[in-house]
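Step one of this worksheet: look at the structure below.
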Amino acid sequence: MKCLTLGRRPLDPPMALGNMQKVALRFLDGEVIKGLIADNPQRNKYGVTVELVSPAGDEIELLGIPYHSLKAVFYLKSWDSRPPEYVDVTGQWSGTRMDTPLVDLLGEIGRLADLRDRGELTDEDFQRRRRVILDKI
């Protein structure tokens, strides 16, 4: 048993989430449960009990978690801390790097030139897409 739901109740009206701490509970099997906690978890001899509020703030769940099934507890600032991704003009996915935007744009022009050289882009398409990139500078 990795987690036991001791109780669940809807919150009506939904709680204000501003003063609550975002957490992610990671279990040994890889499952992650996200939620918010208002109070510190209660430590017991064989496990911990925690009242976890849903991210929407409309439900609260009392969980009993044995220590042997819990791998980590992460206290979060935001639900997703990964940088946003965008599609460049070549249609490929690329991660953003905030420190080298000019190098990234020049790399896109180089990839466009490669596509043109392989015959996958016409000269007209190359010029149009190149202009889009240069307009970003």
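Please enumerate the residues belonging to region 28-44 that are surrounded by 12 or more Cβ atoms within 10 Å (Cβ to Cβ) and among the β-branched types (Val, Ile, Thr).
ILE33, ILE37
Looking for whichever is under 31 Å from the mean Cα position of the chain (by Cα), modelled with pLDDT of 70 or more and within 30 Å of CYS3 (Cα to Cα) here; the options are VAL73, VAL132, VAL103. Which one fits?
VAL73
I'm trying to understand the selection: among the residues of region 34-61, which are of a type in the set (Asp, Glu) and part of a loop (DSSP other than H, G, I, E, B)?
Those that are of a type in the set (Asp, Glu) and part of a loop (DSSP other than H, G, I, E, B): ASP39, ASP58.
Can you pull out every residue in region 114-137 that is outside any loop (DSSP other than H, G, I, E, B) and among the polar types (S, T, N, Q)?
GLN127, the sole residue that qualifies.
Given (1) within 23 Å of the chain's Cα centre (by Cα); (2) at pLDDT 85 or above; (3) within 23 Å of LYS77 (Cβ to Cβ), identify the lone condition not met by ASP29.
(3)
With surrounded by fewer than 10 Cβ atoms within 10 Å (Cβ to Cβ) and modelled with pLDDT of 90 or more as the only criterion, which of GLU51, GLU61, GLU124 stands out?
GLU124
The values are calculated or read from the model by the stated rules, or taken from the named source; none is laboratory data. Computed from a predicted structure; not experimentally measured. Reconstructed Cβ throughout: ideal geometry from the backbone, glycine too, with neighbour counts over all protein chains shown.
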